[in-house]
Amino acid sequence: MNVIRRLRVHLIISIVSVLMAVLAVILITLNIILVRTEHADIEHFTEILIDNGGMPPAPPMRKDVKRGERDAVKAQNVAPQDMQLQPPDEPTQLFLTEPMVDVASKSLSQLFAPRLFGAGEFHNFITLRITTNNMLCEISRQFNFFHSQAEMYAVVSQIMAEQKERGFYDYLYYRIAPCDDGSRLLAILNCQSELAMLHRMYYSCFFIWLLSLLVALIAAWFLSDRVVRPVEETFIRQKTFISDAGHELKTPIAVIAANVDVLLPEYPNNRWLQYIKSETDRMNRLVKDLLFLARDDAGKRVMQIGSFSLSNAIENAVLPFESIIFEQGKTLEYEIQPDISFTGDEQQIKQVVIILTDNAIKNSDEGALIRVTMKQEAQKAVIRVYNTGMGIKEDDLQKIFLRFYRSDISRARKTGGYGLGLAIAKSISDAHDGTLSVDSKYGEWAEFTFTLPLTAFKEKQNA
């Protein structure tokens with residue numbers, strides 16, 4: 001069932017990743033559009049102020065408004081004349097329209113309090129003229145705030161120090177434009193409420209994204225269950241068939257093998273009986289491998305956990321191949337570090353080494369070198385099985401551990417392989433929290449590396 005769980009996890013990750021990526025693109029695009037729209041509105045309003053000499057345009061009048069009312073509206077937009085701001089000896093109140101307030105006790109955001117006039121318009125502004133002798137003259141304003149000359153000079157000085165034609169100073173957007181008489185026109189917009197709205201939009205979008213992530217995970221969990229269920233049922237039927245077929249095949253194979261063993265002493269040179277025995281042995285190994293993998297898939301693996309000498313186990317697994325390697329005209333080298341212990345299933349660990357050594361023999365030609373080494377590195381036992389010979393193609397390195405996969409079919413048929421040995425070795429390695437990897441240079445050599453944790457798996461079993 002590990003395969004089904006992995007399939008379900010991959011499906012959930014795929015669904016959630018796609019949905020969240022699409023939602024992120026939508027939210028980011030929405031934020032970019034809003035930011036650009038706000039900036040465009042700010043730029044547009046400052047352009048109007050600059051083009052209008054620092055004065056906002058008069059609002060359009062309805063036809064039914066009387067002439068006197070129109071003049072009153074226009075009078076509201078007439079700029080104060082000759083109200084110059086000179087560097088003061090002491091802070092004084094400018095343009096006082098309400099009782100004096102303590103400027104020192106107020107922050108910049110309180111002095112420049114937001115005041116919007118009309119949806120989507122930036123009327124929270126002040127325009128100043130900077131004369132050639134650096135005198136300041138207020139032209140127009142729609143700020144509802146109080147300020148001292150020192151405060152005004154501080155703000156303007158900071159803006160002028162930026163030496164930019166336009167930009168942001170804190171939450172204030174400014175634009176400087178030269179005039180024909182050599183003076184400069186400075187328009188300042190208070191964008192605090194607009195920037196605060198954009199920040200709220202950022203946080204809201206991020207919260208929506210997180211909430212959508214949770215919803216997507218829950219939806220993907222239930223959706224993956226429905227999608228995987230037919231695959232799971234098919235997989236269960238397949239495993240059941242393999243298990244049942246394996247058990248059913250064991251009896252006739254055993255009967256055939258027993259009959260051949262009885263006949264061989266009477267007909268020792270009968271090649272047909274030799275063929276039957278050889279194929280029966282191969283079929284018997286195939287059935288055992290299929291049953292092993294079926295039990296592993298069903299989570300019914302039987303492991304005899306115990307502490308044993310890993311050094312002795314590796315040596316006992318390799319030595320029986322010494323005569324076979326010698327008969328085939330190959331060379332065996334092995335270097336095993338002594339006194340290394342491991343807690344696990346000794347027979348299964350030996351089976352991995354046998355599979356790797358047998359694989360090295362089958363995939364090497366006469367005169368090849370087969371080398372088995374085992375040594376401790378940090379808190380791990382590293383077993384390497386190396387052989388010269390055909391090697392493995394780069395495209396096959398990622399497929400070599402798949403069931404029934406054979407990179408060289410003609411050689412596999414010749415040596416009697418079914419493509420299950422490395423899959424079993426990989427399964428045993430995973431069950432012991434180890435790793436099994438392969439490296440090769442095609443046409444020259446191949447090396448399998450089997451790594452076992454010396455402490456982690458033991459502590460896991462004790463827990």
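The values are calculated or read from the model by the stated rules, or taken from the named source; none is laboratory data. Keep in mind it's a predicted model, so treat the numbers as computed, not measured. Please note: Cβ atoms are built from the backbone with ideal geometry, for glycine as well, and neighbour counts cover all protein chains shown. Just so you know, the surface numbers come from the protein's heavy atoms only, side chains and all, with ligands and any DNA or RNA stripped out. Shrake-Rupley method; radii C 1.70, N 1.55, O 1.52, S 1.80 Å.
Some points to look at:
- Here Leu189 meets the list (1) at pLDDT 90 or above; (2) farther than 30 Å from Arg6 by Cα; (3) open to solvent by less than 90 Å² (accessible area, probe 1.4 Å); (4) not β-branched (Val, Ile, Thr) almost entirely, failing just condition (1).
- Pairs with Cβ under 6 Å, 6+ apart, first in the stretch 370-397 and more than 22 Å from Asp358 (Cβ to Cβ), second among the hydroxyl-bearing types (Ser, Thr, Tyr) and outside any loop (DSSP other than H, G, I, E, B): Lys380/Thr451
- Subset tally (residues that are β-branched (Val, Ile, Thr) and open to solvent by less than 10 Å² (accessible area, probe 1.4 Å)) for the stretch 362-381: 2
- For first residues located in the stretch 336-356 and at negative phi, partners that are open to solvent by 10 Å² or more (accessible area, probe 1.4 Å) and part of a loop (DSSP other than H, G, I, E, B) and lie 6+ apart or on another chain with Cβ distances below 6 Å form the pairs Asp345/Met303; Asp345/Gln304.
- Scanning the stretch 406-426 for residues that are modelled with pLDDT under 75 and not in a helix (DSSP H, G or I) yields a total of 7.
- Looking only at the stretch 19-57, and only at residues there that are among the small types (Gly, Ala, Ser) and loosely packed, with under 13 Cβ neighbours inside 10 Å, the one that is modelled with the highest pLDDT: Ala21
- Filter pass, Val16 being surrounded by fewer than 11 Cβ atoms within 10 Å (Cβ to Cβ), at negative phi and modelled with pLDDT of 90 or more: no
- Against the conditions (1) farther than 23 Å from Ala446 by Cβ; (2) open to solvent by 60 Å² or more (accessible area, probe 1.4 Å); (3) basic (Lys, Arg), Arg282 satisfies every one except (2).
- For the stretch 165-199, taking the residues that are over 19 Å from His44 (Cβ atoms) and among the charged types (D, E, K, R), the one that is farthest from the chain's Cα centre (by Cα) is identified as Asp181.
- Unmet criterion (only one of (1) part of a helix (DSSP H, G or I); (2) touching a helix residue (DSSP H, G or I) at 6+ places or on another chain (Cβ under 7 Å)) for Leu189: (1)
- Odd one out for Ile159 among (1) open to solvent by 10 Å² or more (accessible area, probe 1.4 Å); (2) in contact with a strand residue (DSSP E or B) (Cβ under 9 Å, 6 or more places away or on another chain): (1)
- Enumeration of residues in the stretch 285-327 that are loosely packed, with under 15 Cβ neighbours inside 10 Å and farther than 30 Å from Gln238 by Cα: Gly306, Ser307, Asn316, Leu319, Pro320, Glu322, Ser323, Ile324, Phe326, Glu327
- Condition met for Arg200 (open to solvent by 80 Å² or more (accessible area, probe 1.4 Å), closer than 30 Å to Pro56 by Cβ, without any contact (Cβ under 8 Å) to a residue 60 or more places away in the chain and not hydrophobic (A, V, I, L, M, F, W, C)): yes
- First in the stretch 247-276 and loosely packed, with under 13 Cβ neighbours inside 10 Å, second anywhere and assigned to a helix (DSSP H, G or I), Cβ under 7 Å, 6 or more apart: Tyr267/Leu273
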